[in-house]
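Working notes, structure below.
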Amino acid sequence: MSVEDIFHQYLESKIFKQREKLLPDYVPEELPHRDEQIMTLAKVLAPALSGSRPSNVFIYGLTGTGKTAVTKYVLRKMRESSQRRIDYVYINCRQNNTSYRVLAELAKHVGVKVPFTGLALGEVMKRLIQGLERQRSIIIVVLDEIDNLVKRQGDDVLYFLTRVNEELSNSKVSLIGITNDLKFTEFLDARVKSSLGEEELVFPPYNAVQLEDILQRRAREALKEGAIEDDVIKKVAAIAARQNGDCRLALDILLKAADIADREGASKVTLTHVDKARSEIEKNLAVDIIKTMPLHVKLVLASIYLLSKNEGSKMITTGLVYDKYKELVNKLGMEPVTSRRISDIINELDVVGIINARVISLGRYGRTKVVSIGVPLKNVEEGLASDTLLKFFLESM
Ligand SMILES: Nc1ncnc2c1ncn2[C@@H]1O[C@H](COP(=O)(O)OP(=O)(O)OP(=O)(O)O)[C@@H](O)[C@H]1O
Ligand SMILES: [Mg+2]
């Protein structure tokens, strides 16, 4: 196929009207089934319109429940509906996952130059205070996926930002902290926790009916009329509803299915396209999870993988896994982790679904745990092989 063909096919798409409307970062004109959250957040932030500092807000809910979309939506509406300049800055703490980078982003927003690295944190804070003061306004700081920052670097920045108003006379800072991981609050200083949580906003998961409605509307914007088979949206909504009501997953599947249909030159997105999209996404997910595992977790998984590949139908007990793991570690000339740690690793692998573990009874010999690989073997192989050390190793066994 030539480059022209590719462009031509795109222009001639029978499926897409505006593909970008299905992309994850696009914030749609309406966010159905989030009225309550939108209204609450709007009420909390409204004082900024008359020049008083809004309370800090802590937003939490599972992944794909619309936290980021709602926050961006409300801030955008607020800016549109006001004569007063509403000052806000959005910082994603997964991309900016150090204290330094978060402060540097903030500094950039208020027109203060901070080098990419090198200054002491205290110095950055000092310059930031001067910059904030010069703004003479209320600055709403959104810290999205805030758990990434806190787990990595503690809560120094949050402590600073929840206290900074005491140092300011012309400006005020309000915080919106967003997370899908409630456990991270254990890492927070009690004072930080209470001031960040002046207001709290919970995002419940979407159910299948709500997801269907959301997808219906997004599809209407993005796809040509009649370019989707009747049951497709229902099916996609049902899948995502089972995955904790994750709207991002729903949109991912829909977009991928539409892409596959488009590539095939089909005139409609069908259930077959949904199935293909789903297995592609699941594969990527498993491979990605494996790629980012720490070495010893990979080694335990590699042991189970080798046992499943070579021993066929034989039951893989944790005892066999220990032995295999020790063999691998030995060959690498490394120190093994403790048996206790190995059994924790086995549990972790089970929780994320890469393996299945269950306890079986051996009659009078007691009980033992047996494991099996929970995703296609070739995905495990692909994930493990991204580690060059392991790749070499697996090939030689
Ligand atoms: N009510 C809705 N209507 C239309 N689209 C929605 C709605 N809720 C969420 N979405 C879309 O679903 C996707 C996921 O939403 P969002 O990014 O806001 O999730 P999140 O709660 O921030 O998840 P995470 O915790 O993983 O960051 C986005 O593409 C968003 O546009
Ligand atoms: Mg988000």
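Below is a table of values for the structure above.
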{"item": "Cα-based equivalent ellipsoid of the chain: semi-axis lengths in Å, sorted from largest, via gyration tensor", "result": "42, 32, 20"}
{"item": "Of Gly51, Gly122, Gly363, the one that fluctuates the most in a GNM where the chain has Cα springs shorter than 10 Å", "result": "Gly363"}
{"item": "Listed residues Ala237, Tyr88, Ile260: farthest to the positive end of the dipole of the chain (Cβ charges)", "result": "Tyr88"}
{"item": "FRET efficiency, 1/(1 + (r/R0)^6) with R0 51 Å, evaluated for Tyr365 and Arg136 via beta carbons", "result": "0.10"}
{"item": "Size of electric dipole in the chain: Cβ of Lys, Arg +1 and of Asp, Glu -1, about Cα centre, debye, nearest 20", "result": "580 debye"}
{"item": "Long-range HN-HN contacts of Ile140 with modeled amide H, under 5 Å", "result": "Asp87, Tyr88, Val89, Ser174"}
{"item": "Fraction of beta bridges assigned by DSSP in the chain that are antiparallel (%, nearest 5)", "result": "30 percent"}
{"item": "Modelled FRET efficiency - R0 41 Å, Asp350 with Lys113, Cβ distances, 0.05 increments", "result": "0.25"}
{"item": "Most to least packed among 26-38, 153-165 [average Cβ atoms within 10 Å]", "result": "153-165, 26-38"}
{"item": "Per residue convex hull volume, Cα atoms of region 1-108, in Å³", "result": "203 Å³"}
{"item": "Highest to lowest packing among 281-294, 240-253, scored as the average C-beta count within 10 Å", "result": "240-253, 281-294"}
{"item": "Region 6-67 and region 124-175: distance between their alpha carbon centers, rounded to Å", "result": "24 Å"}
{"item": "Mean Cβ neighbour count within 10 Å, used as a protection proxy, ranking 198-205, 258-265, 385-392 highest first", "result": "258-265, 198-205, 385-392"}
{"item": "Cα gyration tensor, region 58-196 - rounded (a/c under 1.5), prolate or oblate", "result": "oblate"}
{"item": "Given Lys183/Lys283; Lys72/Lys183; Lys14/Lys268; Lys283/Lys369; Lys67/Lys235, the pairs whose alpha carbons are separated by over 18 Å", "result": "Lys183/Lys283; Lys72/Lys183; Lys283/Lys369; Lys67/Lys235"}
{"item": "Placed amide H near Ile316: partners under 5 Å, 5+ positions off or other chain", "result": "Val371"}
{"item": "Using θ = phi - 60° and Karplus 6.51 cos²θ - 1.76 cosθ + 1.60, couplings along region 90-105 (whole Hz; Gly, Pro as x)", "result": "9, 10, 8, 7, 7, 6, 10, 9, 10, 4, 4, 5, 4, 5, 5, 4"}
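Coordinate-derived values only; no laboratory data. The model shown is predicted, which means the values in this text are computed figures rather than measured ones. Here the Cβ is made from the backbone with ideal geometry for all residues, glycine too, and neighbour counts use every protein chain on show.
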